[in-house]
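Every read-out reported here was derived from the displayed coordinates using simple, explicitly stated rules and does not represent laboratory data. Treat the numbers as computed from the prediction; the structure is a model and nothing was measured. When we count neighbours, we look across all protein chains shown, and the Cβ atoms used for this are built from the backbone with ideal geometry, even at glycine.
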Amino acid sequence: MVAVTKFDAADYLATPEDIVAYLEAAFEDGDPALIAAALGDVARAKGMTEIARNAGVTRDALYKSLTEHGDPRLSTFLGVMKAMGLRLSAAPMRTG
């Protein structure tokens with residue numbers, strides 16, 4: 001038998017470049033559930049307790065909102081981005 005372990009993206013988000021590429025891919029997909037889950041992966045990689053404190057939310061609330069079934073409020077989303085040292089920006093969609 002082959003032994004397998006559960007994949008955890010947080011284990012591979014070691015550098016700012018890794019994190020930005022990971023989040024950009026989630027944003028490009030556009031699925032809100034995927035974006036919330038990706039933010040959760042990054043928060044776990046950086047330290048959920050510290051991110052929650054810096055974002056002004058409880059650790060439990062952050063865990064609940066940053067899952068594929070979570071639906072974080074915009075204020076939570078922006079607070080988490082800021083706590084991660086990231087900013088949200090807009091760019092025109094690629095066409096064709």
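Are any residues in segment 8-28 outside any helix (DSSP H, G or I) and hydrophobic (A, V, I, L, M, F, W, C), and if so, which ones? Give the steps one after another, and end with the answer.
The initial filter retains those residues of segment 8-28 that are outside any helix (DSSP H, G or I), namely 8, 13-15.
Those that are outside any helix (DSSP H, G or I) and hydrophobic (A, V, I, L, M, F, W, C): Leu13, Ala14.
Based on what the data block shows, is Leu39 assigned to a helix (DSSP H, G or I), buried (at least 18 other Cβ atoms within 10 Å of the Cβ) and touching a residue at least 60 places away in the same chain (Cβ under 8 Å)?
no
With the structure loaded, tell me whether Arg53 is surrounded by fewer than 19 Cβ atoms within 10 Å (Cβ to Cβ), farther than 29 Å from Arg94 by Cα and within 11 Å of the chain's Cα centre (by Cα) or whether it fails that test. Before you say what the answer is, go through the steps one by one.
Numbers: surrounded by fewer than 19 Cβ atoms within 10 Å (Cβ to Cβ): yes; farther than 29 Å from Arg94 by Cα: yes; within 11 Å of the chain's Cα centre (by Cα): no.
In short, no.
Just give me the residues in segment 14-32 being over 19 Å from Arg73 (Cβ atoms) and touching a residue at least 24 places away in the same chain (Cβ under 8 Å), in sequence order.
If the condition is that a residue be over 19 Å from Arg73 (Cβ atoms) and touching a residue at least 24 places away in the same chain (Cβ under 8 Å), then Ala14, Pro16, Ile19, Val20 are the ones that fit.
Could you tell me whether any residue of segment 75-90 is part of a helix (DSSP H, G or I) and of a type in the set (Val, Ile, Thr)? Full working, then the answer.
So in segment 75-90, the residues part of a helix (DSSP H, G or I) come out as 75-83.
Those left that are additionally of a type in the set (Val, Ile, Thr): 76, 80.
Yes.
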